[in-house]
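Some notes on the structure that comes next.
The values are calculated or read from the model by the stated rules, or taken from the named source; none is laboratory data. All of these numbers come straight from a predicted model, not from anything done at the bench. Just the protein is used for accessible areas: all its heavy atoms, side chains included, with ligands, DNA and RNA removed. Shrake-Rupley method; radii C 1.70, N 1.55, O 1.52, S 1.80 Å.
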Amino acid sequence: MARIVVDDAENLEKAIKRFKRMVEKEGIIREWKKREFYEKPSTILNRKKKALRRKLMKKNRKIKDGKSF
């Protein structure tokens, strides 16, 4: 879950931009912009690794929950 701490002196727009960047980085929401035609290979690899990690964690959770009976 994405969380940010906003100081009293911080501009609200900056805080929203920081939150939006964090959400996109974590893969919760991906925004497709018209100018994004190219995605770096390292970014693709990192995204796929994170997806695989989430998939394996979900699979392990299901296996663990199934054995508890």
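Summary table
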item: Rounded accessible area of Lys55 (nearest 10 Å², 1.4 Å probe); result: 140
item: Accessible area (Å², 1.4 Å probe, nearest 10) - Lys64; result: 150
item: Most to least accessible of Met22, Met1, Met57 (protein chains only, probe 1.4 Å); result: Met1, Met57, Met22
item: Accessible surface of Ile63 - all protein chains present, 1.4 Å probe, nearest 10 Å²; result: 80
